[in-house]
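These notes concern the structure reproduced below.
None of the figures in this text is laboratory data; all of them are computed from the coordinates on show. Quick caveat: nothing in here was measured; it's all calculated off a predicted structure. In this analysis, Cβ positions are derived from the backbone assuming ideal geometry, glycine residues included, and neighbour counts consider all displayed protein chains.
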Amino acid sequence: MKKIAIFIEKKSDKLASVGLELISETRRKVGYSAYLIAIVLGAQIGEEEINQLKVVGPDEIVIAEHDLLKVYDTHYYTTVLSDIVAKHTFDVLLLGSTILGRDLAPRLSARLHTGLTADATILDFDVSDDRISLLATRPALGGNLFATIICPKTLPQMASIRPGVFAIESFDIENIKVSHYPVTLVADSKVKIISRKKVEKDAIELSSARLIIAGGRGVANQFHDVKTIANLVGGEAAASRAVIDANIEAKDRLVGQTGANVKPAIYLALGISGAVQHVSGMEKSELIIAVNNDPDALIFKVADVSLVCDAKEVMPYLIKDLQALKGMI
């Protein structure tokens, strides 16, 4: 049986959604022609987390528990995960391209002597009678083209995938196996963690937002209006690369190839031209409304509603109407 392993990351004592996204997408793509194994590391994996994993479609859940795995440590995580992989014949190993995943994936790839496609945004699988081949696609050359990368000579074929790209779906899988991998670790990590500091953020992560008001170069000088609109509608403000590079907004507000991938119910793009680097991060939004004074702006190719006008002139009217509407409620 062809096997695909998916590493499930724990973040702030919760399962990171990217792992659930990867299980769902893989199940959608391969159907039941491969055996899907979810691997989760931690100090305590509860029944609620196991049930959360069962819903998204794995055939098996492998749990590796140890006190030294409570918080992420490069040395311990690489050691345990490489041991698990070495004891199985996995055709494919997938990880989320989070801060943790971007540290873990290349180290694991080197330890396993196999290739890695990093920061992929599209997954596909070529399933034959004797082999399953991973086709991982990622932006290349500054986002001007997309490259599909294969790893035909070594196993497991590895890829890290950006969060927020795929939808989470439920699957009815019978008799899901739950196994516990025996972990033996000693406190001899080559990594010394001096301190940990949790950064408190007022805004929610863009990948979780259901309503996003995004501003680009065309409204960079009035970005405070973008944030006002976002506050009035209960959404999140986001930005294109031009705004981030001008130090007008923090990097965690960036949508696009080097920022967040988002799928909100509504995405309002104000003064954004629609370069492929930006579009690749928001084109899966349910409803895209674009405002730009250039009738040939690339953003209109993906927009559901297009308004050809100056976004800087539109925003004050929109703010006034939203304030009036809010006062009536």
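Where does segment 205-302 land on the Kirkwood hydrodynamic radius, alpha-carbon pairs, in angstrom? Please list the in-between numbers first.
Working: mean 1/r = 0.0786 Å⁻¹.
Across segment 205-302, the inverse of the average 1/r is 12.7 Å.
Using only Cα atoms, what Kirkwood radius does segment 3-181 have, in angstroms?
Across segment 3-181, the inverse of the average 1/r is 16.2 Å.
Please rank LYS263, LYS198, fewest neighbouring Cβ atoms within 10 Å first, as an exposure proxy.
Working: LYS263 20, LYS198 6.
Fewest-to-most ranking of LYS263, LYS198: LYS198, LYS263.
If we count other beta carbons within 10 Å of each Cβ, what is the order of LYS177, LYS10, fewest first?
Values: LYS177 11, LYS10 21.
Starting with the residue having the fewest Cβ neighbours, the order is LYS177, LYS10.
Give the relative contact order (percent, whole number) for segment 206-328; include only Cα pairs under 8 Å separated by 6+ residues. Kindly include the intermediate steps, with their values, before the conclusion.
Details: 270 pairs, mean separation 31.3, N = 123.
Worked out over segment 206-328, it gives 25 percent.
What is the order of HIS66, HIS224, fewest Cβ neighbours within 10 Å to most? Before the final figure, lay out the partial values.
Values: HIS66 16, HIS224 13.
By the 10 Å Cβ count, ascending, the order reads HIS224, HIS66.
With r defined as the distance between the Cβ atoms of VAL308 and VAL233 and R0 fixed at 25 Å, what FRET efficiency is calculated, to the nearest 0.05? Each step should come with its number before you reach the end.
Details: r = 22 Å, r/R0 = 0.90.
Computed FRET efficiency for VAL308 and VAL233 comes out at 0.65.
With a cap of 11 neighbouring Cβ atoms within 10 Å, and only residues DSSP puts in a loop, list the GluC sites (Glu not before Pro) found in segment 162-221.
On the way: sites: GLU169, GLU174, GLU200, GLU205; in loops: GLU169, GLU174, GLU200, GLU205.
Sparse-neighbourhood loop GluC sites (Glu not before Pro): GLU174, GLU200.
Once you compute Rg and the Kirkwood Rh from C-alpha atoms, what is the Rg to Rh ratio for the chain? Walk me through the numbers before you get to the answer.
Working: Rg = 21.8 Å, Rh = 21.4 Å.
Here Rg/Rh amounts to 1.02.
For segment 95-174, what D do you get in µm² per second when you plug the Kirkwood radius from alpha-carbon pairs into Stokes-Einstein at 37 °C and 0.692 mPa s?
Working: Rh = 13.8 Å.
Estimated diffusion coefficient is 239 µm²/s.
How much length would be gained if the chain were fully extended between ASP83 and LEU145, taking 0.36 nm per residue of separation minus their Cα-Cα distance, in nm to one decimal? Before the final figure, lay out the partial values.
Details: separation 62, 0.36 × 62 = 22.32 nm, distance 3.64 nm.
Computed gain between ASP83 and LEU145 is 18.7 nm.
Take the cross-link list LYS14/LYS326; LYS70/LYS198; LYS14/LYS87; LYS87/LYS198 and give me the ones stretching past 25 Å between alpha-carbons. Intermediate values should be presented prior to the final figure.
Details: LYS14/LYS326 35 Å; LYS70/LYS198 16 Å; LYS14/LYS87 27 Å; LYS87/LYS198 36 Å.
Cα-Cα > 25 Å for LYS14/LYS326; LYS14/LYS87; LYS87/LYS198; rest within.
Using Cα positions and a limit of under 16 Å, work out the aspartates and glutamates in reach of LYS227, with same-chain residues fewer than 8 apart set aside.
Hits, sequence-local ones excluded: ASP202, GLU205, GLU236, GLU249, ASP252, GLU313, ASP321.
By how many nm would the segment from LYS190 to ASP321 grow when fully extended, if each residue of separation counts as 0.36 nm and the alpha-carbon distance is taken off? Can you show the working numbers first?
On the way: separation 131, 0.36 × 131 = 47.16 nm, distance 5.84 nm.
Once the chain is fully extended between LYS190 and ASP321, it gains 41.3 nm.
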